[in-house]
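Here is the structure we will look at.
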Amino acid sequence: SPSCPDGRKRRVCYYYDRGIAGVDYGEDHVMVPRRVDMAHALIRSYGLLGDMSRLRTRPATYDDIAAFHDRGYADLLGSLTPEAFAAGGEAELTARSFNVGEPSKKEDPRSVDNPPIAGLWDYCCRYAGGSLAAARALAAGGYDIAINWSGGMHHACRDKASGFCYVNDIVLAIRELLAAFARVVYVDIDVHHGDGVETAFVHSGRVMTVSFHQRTNNDFFPKGRGNLADVGVGEGVYRAVNVPLYAGMDDEGYYGLFQPIMEKVMEVFKPEAIVMQCGGDSLSGDRLGRLNLSIAGHARCVRFMRSFDVPLLLLGGGGYTINHVAACWCYETAVAIGKEIDDDIPQHCYDSYYQSQGYKLHYTVKKNLKNDNTNHHMTQTKNTVLRNLDKLAA
Ligand code: TV1
Ligand code: CA
Ligand code: ZN
């Protein structure tokens, strides 16, 4: 079957924490943690829970988080409440110094990317704990694929919040994998650049980071990051890979870059584990992203990484049209398991979200969105990246 090109089944474990579904970034905020609950409800309704082990774990501890993050920043995350922030004074000033509660646009005071949300520390410990447990499950050798759709918070920095991300669960998970595996490759198909992860490992010879992301007028978030010429530093030279894309990118063009680049990455870097951030904001019709991938096109990238038969950690990330994201992550869970699932969505508690797509998993992509990626741009980008990777092989 197309979900399982090499026929072999994989041992899959899956982390889901109900405590994350209720987290609220604020009424108007684009980040909606409930989408993970929606994905889970779909996964359950398709009967996929029976094909995976459920990872049960304690939330990450302060020490787990402080293994990467600055202690002053971890202390802030652990103590901040919305009430203390609202009261102003020291709590607000400290929070804002770590980019929590800071308006992202001066002209719009409500545009706070990283709000001082209720239950902030608990939320961080839960999604980070899931990614750590998933990494440990792979390191211990009991599973081939581990999934945490509530993880993938790739922008969080050592000492500040960024782009809706507070704790960088990906960096924590990769550090955990490095205890068991000589080399780890990180691949990021979120529409945004994986800046927090790239920065954390930019000097590392043991971690290669690869990000595919949208680039428009040079000001798409995170501004100035993810240029084709950013290739890593020192021991990390040619171990950072950046693939900037223009708006309107379709399945064919995306895979035309993804497949040869990741094939080459696997050939020259020979990673012993793969971490894949599967942000759903690269899908067609996203509220923030302007790429035009279908769920099948997005999942094809997951299936390709699975085909290498190297321990694989699948994480979530962005995704702001929540019915699309939930359907995508459910389908990718089926891909991980190696099971074909019907396009008709089974009846379940979030049914009404899928009415607009005829209760089908695979919704239709935009037909009249202009694809700004010329063949020339895609060929140039591919050749530049492949040439850089060749230098590693030499
Ligand atoms: C509150 C309410 C916050 C509505 C933020 C879009 C909002 C955005 C909002 C928004 C929004 C961004 C920036 C400018 C930083 C600012 C999870 C100084 C309609 C992984 C993060 C994007 C993407 C951050 C996260 C970006 C991820 N875009 N409405 N904020 N500068 N912030 O550009 O990669 O998907 O948009
Ligand atoms: Ca990306
Ligand atoms: Zn994103």
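Quick one: would you say GLY151 is crowded, with 24+ Cβ neighbours inside 10 Å and within 16 Å of ligand 1 (Cβ to nearest atom)?
yes
What pairs come out if I take residues in segment 46-57 that are without any contact (Cβ under 8 Å) to a residue 60 or more places away in the chain and pair them with residues that are in a loop (DSSP other than H, G, I, E, B) whose C-beta lies under 8 Å away, six or more apart or interchain?
ARG54/TYR16
Sort out which residues of segment 341-367 are part of a loop (DSSP other than H, G, I, E, B) and basic (Lys, Arg), and write them in order of number.
Selection gives LYS366, LYS367.
Residue check: is VAL268 touching a strand residue (DSSP E or B) at 6+ places or on another chain (Cβ under 7 Å), away from ligand 3 (no atom under 16 Å from the Cβ), part of a helix (DSSP H, G or I) and not small (Gly, Ala, Ser)?
So VAL268 fails the test.
If I ask for residues that are under 14 Å from PHE212 (Cβ atoms) and of a type in the set (Gly, Ala, Ser), which ones from segment 226-283 would you list?
Passing the criteria: GLY226, ALA240, ALA247, GLY253, GLY256, GLY279, GLY280, SER282.
Just give me the residues in segment 297-313 being hydrophobic (A, V, I, L, M, F, W, C) and either part of a helix (DSSP H, G or I) or within 16 Å of ligand 3 (Cβ to nearest atom) (or both), in sequence order.
Result: ALA299, CYS301, VAL302, PHE304, MET305.
Applying the selection to segment 313-329, what residues are surrounded by fewer than 24 Cβ atoms within 10 Å (Cβ to Cβ), away from ligand 2 (no atom under 15 Å from the Cβ) and either closer than 19 Å to GLY130 by Cα or within 16 Å of the chain's Cα centre (by Cα) (or both)?
Of everything in segment 313-329, those that are surrounded by fewer than 24 Cβ atoms within 10 Å (Cβ to Cβ), away from ligand 2 (no atom under 15 Å from the Cβ) and either closer than 19 Å to GLY130 by Cα or within 16 Å of the chain's Cα centre (by Cα) (or both) turn out to be THR321, ILE322.
Report whether or not GLY248 is in a helix (DSSP H, G or I), in contact (Cβ under 8 Å) with a residue 40 or more places away in the chain, more than 13 Å from ligand 2 (Cβ to nearest atom) and over 28 Å from PHE181 (Cβ atoms).
no
Identify, from the list ASP390, ASP351, the residue that is surrounded by fewer than 21 Cβ atoms within 10 Å (Cβ to Cβ) and either in contact (Cβ under 8 Å) with a residue 40 or more places away in the chain or touching a strand residue (DSSP E or B) at 6+ places or on another chain (Cβ under 8 Å) (or both).
Result of the check over ASP390, ASP351: ASP390.
Would you be able to tell me the number of residues in segment 314-329 that are over 29 Å from GLU176 (Cα atoms) and not in a loop (DSSP other than H, G, I, E, B)?
4
Okay, residues lined up against (1) within 16 Å of ligand 1 (Cβ to nearest atom); (2) at pLDDT 95 or above; (3) assigned to a helix (DSSP H, G or I); (4) β-branched (Val, Ile, Thr):
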site: VAL185; (1), (2), (3), (4): no, yes, no, yes
site: GLY196; (1), (2), (3), (4): yes, yes, yes, no
site: SER204; (1), (2), (3), (4): no, yes, no, no
site: PRO222; (1), (2), (3), (4): yes, yes, no, no
site: VAL231; (1), (2), (3), (4): no, yes, no, yes
site: GLY253; (1), (2), (3), (4): no, yes, yes, no
site: LEU257; (1), (2), (3), (4): no, yes, yes, no
site: VAL275; (1), (2), (3), (4): yes, yes, no, yes
site: GLY285; (1), (2), (3), (4): yes, yes, no, no
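Go over the candidates LYS367, LYS360 one by one and state the one that is modelled with pLDDT under 95 and farther than 29 Å from MET153 by Cβ.
Selected residue: LYS367, the only one of LYS367, LYS360 that is modelled with pLDDT under 95 and farther than 29 Å from MET153 by Cβ.
Quick check, is ARG175 of a type in the set (D, E, K, R), within 25 Å of ARG10 (Cβ to Cβ) and within 17 Å of the chain's Cα centre (by Cα)?
The answer is yes for ARG175.
Are there any pairs with C-beta distances below 9 angstrom linking a residue in segment 6-17 that is modelled with pLDDT of 95 or more to a residue that is part of a loop (DSSP other than H, G, I, E, B) and among the aliphatic types (A, V, I, L, M), with the two at least 6 apart or on different chains, and if so which?
Correct list of pairs: ARG11/MET52; VAL12/MET52; CYS13/MET52; CYS13/LEU55; TYR14/MET52; TYR14/LEU55; TYR15/LEU55; TYR16/LEU55.
Pairs needed: first member in segment 99-114, farther than 24 Å from ASP75 by Cα; second member anywhere, of a type outside the set (S, T, N, Q) and surrounded by 13 or more Cβ atoms within 10 Å (Cβ to Cβ); C-beta distance under 7 Å; at least 6 residues apart or different chains.
The qualifying pairs are PRO109/PRO103; SER111/PRO103.
Return the pairs, sorted by first residue and then second, in which the second residue is within 16 Å of ligand 3 (Cβ to nearest atom) and not hydrophobic (A, V, I, L, M, F, W, C), the first residue lies in segment 203-219 and is in contact (Cβ under 8 Å) with a residue 60 or more places away in the chain and under 9 Å from ARG239 (Cα atoms), the beta carbons are less than 8 Å apart, and the residues are 6+ apart or on different chains.
Matching pairs, first to second residue: MET208/TYR186.
Exactly one condition in (1) over 16 Å from the mean Cα position of the chain (by Cα); (2) among the β-branched types (Val, Ile, Thr); (3) crowded, with 22+ Cβ neighbours inside 10 Å is false for ILE261; which is it?
(3)
If I ask for residues that are surrounded by 21 or more Cβ atoms within 10 Å (Cβ to Cβ) and of a type in the set (A, V, I, L, M), which ones from segment 56-73 would you list?
Hits for segment 56-73 are ALA60, ILE65.
Could you tell me whether any residue of segment 330-340 is over 22 Å from the mean Cα position of the chain (by Cα), under 30 Å from ARG136 (Cα atoms) and outside any strand (DSSP E or B)?
Within segment 330-340, one or more residues are over 22 Å from the mean Cα position of the chain (by Cα), under 30 Å from ARG136 (Cα atoms) and outside any strand (DSSP E or B).
The values are calculated or read from the model by the stated rules, or taken from the named source; none is laboratory data. These numbers come from a predicted model, not from an experiment. When we count neighbours, we look across all protein chains shown, and the Cβ atoms used for this are built from the backbone with ideal geometry, even at glycine.
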